[in-house]
Amino acid sequence: MLLVLAVLRWRDNGWGALVWLVVFILMCVIRTPHSMRNRANVVIEARKDAAEIVLLAAMFLAMMGLPLIQLATGLFDFADYALPDWATVIGALAQIPFLWLFWRSHADLGRNWSPGLEVHDSHELVTNGIYARIRHPMYAAIWIATLAQPLLIHNWIAGFLVVPAFAAMWFIRVPNEEAMMRQRFGDAWDAYCARAGRLLPRRAS
């Protein structure tokens, strides 16, 4: 219902918000089949402590929940700000690499993807495709979307709040995720880290 209302209010919200809505739908289209398929995975280790739950909830709220509420209802209009058209254009263009990286990351991970910090019984260390040179291309994609969101949704709550939310997730969650991978794959993980950068390809020595 929020999505429908948001689409109906696109003239009030601006064309940048309409771009955000289209990309939101495409993101769901990319992720949903992987999420449904991977429910069959047999999880043998899951790190779902309070910090992980809070981080995921905050990220969901800031990246999806609050924007949809604002675009559908205008509840946070008091926190609007103005940006020039060129800034909104940059935000729109950034959706191209975001969607490609987001799709490619899911496609290359296959059954090894999960929304939480989990290891399943047949978990493999993926080092092919986009993962050959970048360890966290999905996080790289979300960084692009995060930094572009305030350019598309001109609101401190619905647009900008996602930036500190994802920064917290990046700095807290990623070290835990890499520690879990090191525990699972040992020397193979360390060798992989030596040749693949976290967010950008590692410069050849």
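Restricting to the range 40-81, what's the tally of residues that are over 23 Å from residue 183 (Cβ atoms) and not in a helix (DSSP H, G or I)?
So the answer is 5.
If the requirement is being among the hydroxyl-bearing types (Ser, Thr, Tyr) and touching a strand residue (DSSP E or B) at 6+ places or on another chain (Cβ under 8 Å), which of these qualifies: 122, 114, 105? Before the answer, list the steps.
On the way: 122 fails: touching a strand residue (DSSP E or B) at 6+ places or on another chain (Cβ under 8 Å); 105 fails: touching a strand residue (DSSP E or B) at 6+ places or on another chain (Cβ under 8 Å).
None of the other options fit; the residue is 114.
Among the listed residues 103, 170, which satisfies the condition of being in a helix (DSSP H, G or I), under 28 Å from residue 37 (Cα atoms) and at pLDDT below 95? Spell out the reasoning first.
Details: 103 fails: at pLDDT below 95.
From the options 103, 170, the qualifying one is 170.
Condition test on residue 10, is it of a type in the set (Phe, Trp, Tyr), modelled with pLDDT of 95 or more and open to solvent by 20 Å² or more (accessible area, probe 1.4 Å)? Outline the logic, then answer.
On the way: of a type in the set (Phe, Trp, Tyr): yes; modelled with pLDDT of 95 or more: no; open to solvent by 20 Å² or more (accessible area, probe 1.4 Å): yes.
Taking the combined requirement at face value, the residue does not satisfy it.
Hey, could you check the range 173-187 for residues that are part of a helix (DSSP H, G or I) and surrounded by fewer than 13 Cβ atoms within 10 Å (Cβ to Cβ) and say which is modelled with the highest pLDDT? Before you say what the answer is, go through the steps one by one.
Step one: list which residues in the range 173-187 are part of a helix (DSSP H, G or I), which gives 173-185, 187.
The next check asks that each one be surrounded by fewer than 13 Cβ atoms within 10 Å (Cβ to Cβ); those that pass are 175, 183, 187.
Details: 175: 91, 183: 90, 187: 95.
Only one residue fits best here, namely 187.
Which one of these does residue 140 not meet: (1) assigned to a helix (DSSP H, G or I); (2) touching a Gly at 6+ places or on another chain (Cβ under 9 Å); (3) buried (at least 17 other Cβ atoms within 10 Å of the Cβ)?
(2) is the only condition that residue 140 fails.
Out of all the residues in the range 84-110, which are closer than 28 Å to residue 53 by Cα, surrounded by 15 or more Cβ atoms within 10 Å (Cβ to Cβ) and not hydroxyl-bearing (Ser, Thr, Tyr)?
95, 98, 99, 101, 102, 103, 104, 106, 108, 109, listed by residue number.
With the requirement that a residue be under 17 Å from residue 6 (Cβ atoms) and open to solvent by less than 50 Å² (accessible area, probe 1.4 Å), what does the range 51-68 give you?
Let us first name the residues in the range 51-68 that are under 17 Å from residue 6 (Cβ atoms), namely 60-68.
Correct list: 62, 63, 64, 65, 66, 67, 68.
Consider residue 114 carefully, then state whether it is out of contact with any Pro (no Cβ under 9 Å at 6 or more places or on another chain) and under 30 Å from residue 129 (Cβ atoms). Full working, then the answer.
Numbers: out of contact with any Pro (no Cβ under 9 Å at 6 or more places or on another chain): yes; under 30 Å from residue 129 (Cβ atoms): yes.
It is true that residue 114 is out of contact with any Pro (no Cβ under 9 Å at 6 or more places or on another chain) and under 30 Å from residue 129 (Cβ atoms).
For the range 157-165, indicate whether the set of residues that are out of contact with any Ser or Thr (no Cβ under 8 Å at 6 or more places or on another chain), open to solvent by 50 Å² or more (accessible area, probe 1.4 Å), assigned to a helix (DSSP H, G or I) and not hydrophobic (A, V, I, L, M, F, W, C) is non-empty.
Yes, some residue in the range 157-165 is out of contact with any Ser or Thr (no Cβ under 8 Å at 6 or more places or on another chain), open to solvent by 50 Å² or more (accessible area, probe 1.4 Å), assigned to a helix (DSSP H, G or I) and not hydrophobic (A, V, I, L, M, F, W, C).
In the range 11-41, what count of residues is obtained for those that are closer than 23 Å to residue 92 by Cα, touching a residue at least 12 places away in the same chain (Cβ under 8 Å) and in contact with a helix residue (DSSP H, G or I) (Cβ under 8 Å, 6 or more places away or on another chain)?
15
Regarding residue 5, is this residue touching a helix residue (DSSP H, G or I) at 6+ places or on another chain (Cβ under 6 Å), open to solvent by 60 Å² or more (accessible area, probe 1.4 Å) and in a helix (DSSP H, G or I)?
Details: touching a helix residue (DSSP H, G or I) at 6+ places or on another chain (Cβ under 6 Å): yes; open to solvent by 60 Å² or more (accessible area, probe 1.4 Å): yes; in a helix (DSSP H, G or I): yes.
Taking the combined requirement at face value, the residue satisfies it.
Pick from 199, 117, 147: which is surrounded by fewer than 18 Cβ atoms within 10 Å (Cβ to Cβ), of a type outside the set (D, E, K, R) and farther than 23 Å from residue 25 by Cα? Give the steps one after another, and end with the answer.
Values: 117 fails: surrounded by fewer than 18 Cβ atoms within 10 Å (Cβ to Cβ); 147 fails: farther than 23 Å from residue 25 by Cα.
Exactly one of 199, 117, 147 is surrounded by fewer than 18 Cβ atoms within 10 Å (Cβ to Cβ), of a type outside the set (D, E, K, R) and farther than 23 Å from residue 25 by Cα, namely 199.
What is the number of the single condition among (1) open to solvent by less than 70 Å² (accessible area, probe 1.4 Å); (2) more than 13 Å from the chain's Cα centre (by Cα); (3) closer than 23 Å to residue 5 by Cα that residue 34 does not meet?
Of the numbered conditions (1) open to solvent by less than 70 Å² (accessible area, probe 1.4 Å); (2) more than 13 Å from the chain's Cα centre (by Cα); (3) closer than 23 Å to residue 5 by Cα, the odd one out for residue 34 is (3).
Please verify whether the range 142-164 includes one or more residues that are farther than 24 Å from residue 19 by Cβ and touching a Leu at 6+ places or on another chain (Cβ under 9 Å).
Going residue by residue through the range 142-164, those that are farther than 24 Å from residue 19 by Cβ are none.
No: zero hits.
The values are calculated or read from the model by the stated rules, or taken from the named source; none is laboratory data. Every value quoted in this text rests on a predicted model; they were computed, and no experiment measured them. Virtual Cβ from ideal backbone geometry, glycine too; neighbours counted across all protein chains shown. SASA here: full protein model, heavy atoms, side chains in, ligands and nucleic acids out. Shrake-Rupley method; radii C 1.70, N 1.55, O 1.52, S 1.80 Å.
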